[in-house]
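Reading through the structure tokens given below for one structure.
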Amino acid sequence: MPHISGKKLKKEVLNKLYNQFGKAFEKSARSSKSSLFLGDLLTHTEKIMLAKRFAVIYLLAQGVPTSYIAESLRMSYTTILKMSLKYDIGKYSSLLKTIEKGKTDIWKILEKIVRAGLPPIAGRGRWKFLYDKTS
């Protein structure tokens with residue numbers, strides 16, 4: 001789990017940093033370099049955490065049961081339930097609008113993960129099934 005420093009920033013400084021981050025991410029997304037941007041910025045663990053949370057939001061929007069999501073993505077039921085409650089009050093609506101635009105690609109990847117289960121935690125080629133062109 002990512003660690004947040006106990007030394008808090010002033011709210012106005014944090015907002016400025018957050019806005020600058022958002023602008024930089026938008027700019028990288030427009031130039032199709034967002035994966036490089038995130039690759040440079042995030043640790044392996046953070047990438048997995050964000051990808052799983054993204055998958056949870058998408059699967060909730062598709063009406064997939066929370067217990068199935070937890071089992072398929074190997075996440076705690078409590079985490080899924082918390083995200084489900086936020087989803088129910090519309091917390092992820094702007095993200096869902098963005099997801100709708102590229103829905104087919106996302107669904108293909110998630111379908112492979114959900115049907116086959118997640119790959120082993122370690123080992124060469126563990127994500128190879130995502131890029132397999134035969135299925």
* Could you list, in sequence order, all residues of region 63-79 that are surrounded by 12 or more Cβ atoms within 10 Å (Cβ to Cβ) and more than 13 Å from the chain's Cα centre (by Cα)? => Val64, Pro65, Thr66, Tyr68, Ile69, Ala70, Glu71, Ser72, Tyr77, Thr79
* Within region 40-53, is even one residue surrounded by fewer than 17 Cβ atoms within 10 Å (Cβ to Cβ), among the β-branched types (Val, Ile, Thr), out of contact with any strand residue (DSSP E or B) (no Cβ under 6 Å at 6 or more places or on another chain) and outside any loop (DSSP other than H, G, I, E, B)? -> yes
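Every read-out reported here was derived from the displayed coordinates using simple, explicitly stated rules and does not represent laboratory data. Please read these numbers as outputs of a predicted model, since none were measured by experiment. Every residue, glycine among them, receives a Cβ derived from its backbone with ideal geometry; neighbour counts consider all protein chains shown.
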